[in-house]
1. For the stretch B:113-125, indicate whether the set of residues that are more than 10 Å from every other protein chain (Cβ to nearest Cβ) and over 20 Å from A:G43 (Cβ atoms) is non-empty.
2. Need the failing condition index for B:A58 against (1) away from chain A (no Cβ under 13 Å); (2) in contact (Cβ under 8 Å) with a residue 12 or more places away in the chain; (3) not hydroxyl-bearing (S, T, Y), just the number.
3. Among the residues of the stretch B:130-153, how many are within 11 Å of chain A (Cβ to nearest Cβ), open to solvent by 30 Å² or more (accessible area, probe 1.4 Å) and either in contact (Cβ under 8 Å) with a residue 24 or more places away in the chain or not hydrophobic (A, V, I, L, M, F, W, C) (or both)?
4. Mind checking whether some residue in the stretch B:88-103 is within 14 Å of chain A (Cβ to nearest Cβ) and aromatic (F, W, Y)?
5. Take B:S246 and decide whether it is among the polar types (S, T, N, Q), buried (at least 20 other Cβ atoms within 10 Å of the Cβ) and out of contact with any Pro (no Cβ under 7 Å at 6 or more places or on another chain).
6. Assess whether B:I185 counts as being over 20 Å from A:A64 (Cα atoms), part of a helix (DSSP H, G or I) and touching a Pro at 6+ places or on another chain (Cβ under 9 Å).
7. Taking B:F323, is it more than 29 Å from B:A95 (Cβ to Cβ), aromatic (F, W, Y) and open to solvent by less than 60 Å² (accessible area, probe 1.4 Å)?
8. Only one of these is of a type outside the set (D, E), more than 13 Å from chain B (Cβ to nearest Cβ) and open to solvent by less than 50 Å² (accessible area, probe 1.4 Å): A:A18, A:A24. Name it.
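The values are calculated or read from the model by the stated rules, or taken from the named source; none is laboratory data. Quantities reported herein were computed from a predicted structural model and do not represent experimental measurements. FYI the Cβ positions are ideal-geometry reconstructions off the backbone, even for glycines, and counts take in every protein chain you see. Accessible surface areas use protein heavy atoms only, side chains included; no ligands, DNA or RNA. Shrake-Rupley method; radii C 1.70, N 1.55, O 1.52, S 1.80 Å.
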Amino acid sequence: MLSAIFFWMFASAACFFAFGVILARNPMHSAVSLVATLIALAGLFLQLHAEFLAWILIIVYTGAVMVLIIFVISLLNLHREEPINLTLARRFGITFVGIFGFMIFVYLFTDSLTGFVYPKKLPAPEEFGSAASLAADLFTRYLLPFELASILLTAAVIGAVVIARKPCEEEEPKE
Amino acid sequence: MNLGELALYSIVKIAILFPLVMLSVAYLTWLERKLLGRFQQRLGPHRVGPFGLLQPIADGVKLFFKEDIIPTNADRILFILAPVLSMACALMAIAVIPFGPSFQLFGYDLGRVQIADVNVGLLYIFGITSLSVYGVFLAGWSSGNKYSLLGALRSSAQIFSYELTLGLSVIIPLMAVGSLKMSGIVDSQADGFWNWWILSPKWLVIPGLLGFALYLISAFAETNRIPFDLPEAETELVAGYHLEYSSMKFAMFFMAEYVNMITAASIATTLFLGGWHSPLPLAPFTWFPGWFWFAAKVFVILFFFIWVRATFPRFRYDQLMHFGWKILLPLAMLNVFLAAVGLLLAG
């Protein structure tokens, strides 16, 4: 009963703010809505006993990624989005993509079409979602994907530094 | 304990702890002004009540009756939301701090003086503190004032930079106890000060001390205290992010800063200074209740906060960034390495 109340609270909040992200005219309001959406999602994670994941979501996404996005928005001084003038062809294309995406969504999640069976709700094991059990999985069973992801991230960081750094000294005019 | 009892006990604990925290905030401002006065060879507040003890209440009443102004250029929703966010984040972190051992009320055993012992307590605290940047940032942005915006930009960059060090500095208790639960970390430090994580056994003493120092330094930055109070540097930015705020909205930022100070001191006490355990397991020390030792340790750290404010000048912005990224962060990473090696050697 109580968990149902919390589920609907977080789920409706997530949907409400997700609409806020795309409907808000002001980019800052969009960004703040995204923060609220992420917090609501973390609330849903908590309900699934994934406490570690929930707080990592908050620390990494709302605490770091979104702060940077908001930083950029305020530096670019975007106050109000200009209304976009779309050509008829583009409007048609966007509508088509939207309908197609929605149909894929329906196809995937309707069991009458695909025979997709929702997994039965099992009681979570005692240690599920804790830092220790997550680490045990991450560093044994999923070690290779984990290390590959970290190499990818390192490559991305190096790439960002290369793009952002000042031009080499040889290219600067000599005094 | 069923869910209803848990909810009831939590409400009772909140009803006890919330007024206590707010009272501590009020008298922390008094303590700060009094101590600063003494450090600077003057009296500090002494007119309202004996020793100026009624000064915080007079200030609160004054702020309450001030006119509440919202500037024309402000973004109304975010302008109102920002102080609420600041205050909420500051108070939420209190929830997982263990203030004392089990206690009884009217014959009912209410468990520890801790509102919620979540099993990712430490992560919870870092999550909440990482949200506190939004209060400051949105306040500065929504004010529609360039000084406020500059203060907000500085603060987010600063909090962002020092959060990494803050997170890495607490690695010793985390690795040695193997749990993110606050209660587990406190329990591991019972029976005397040599068990506290600041003086960790054998090879761990260097990472223990270094971790504590790193934690304190980054806590100064996280709470926007001198020497890291650039977001509100009054000589450069008038008042920084809360320039346009008045009345209770300003008071909420003010209170949030002091709640954050208390939280930072409480976390340092819990992780490094043995929480509510007495320094020696001997008779005269064990007569005092757990909350007394907790309060005493928190007081020492808060005194240090105020002492530093009276002693050091403010950093320059580039010095702040240089110090955070090129000195503190490598030190914090070295500390993680030392802690791991130390734990391995200690077995």
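1. Checked against the condition, which is being more than 10 Å from every other protein chain (Cβ to nearest Cβ) and over 20 Å from A:G43 (Cβ atoms), the stretch B:113-125 yields at least one hit.
2. B:A58 satisfies every listed condition except (2).
3. 3
4. No, there is no match, as no residue in the stretch B:88-103 is within 14 Å of chain A (Cβ to nearest Cβ) and aromatic (F, W, Y).
5. Taking the combined requirement at face value, the residue does not satisfy it.
6. Yes: the conditions hold for B:I185.
7. Against the criterion (more than 29 Å from B:A95 (Cβ to Cβ), aromatic (F, W, Y) and open to solvent by less than 60 Å² (accessible area, probe 1.4 Å)), B:F323 qualifies.
8. Selected residue: A:A18, the only one of A:A18, A:A24 that is of a type outside the set (D, E), more than 13 Å from chain B (Cβ to nearest Cβ) and open to solvent by less than 50 Å² (accessible area, probe 1.4 Å).
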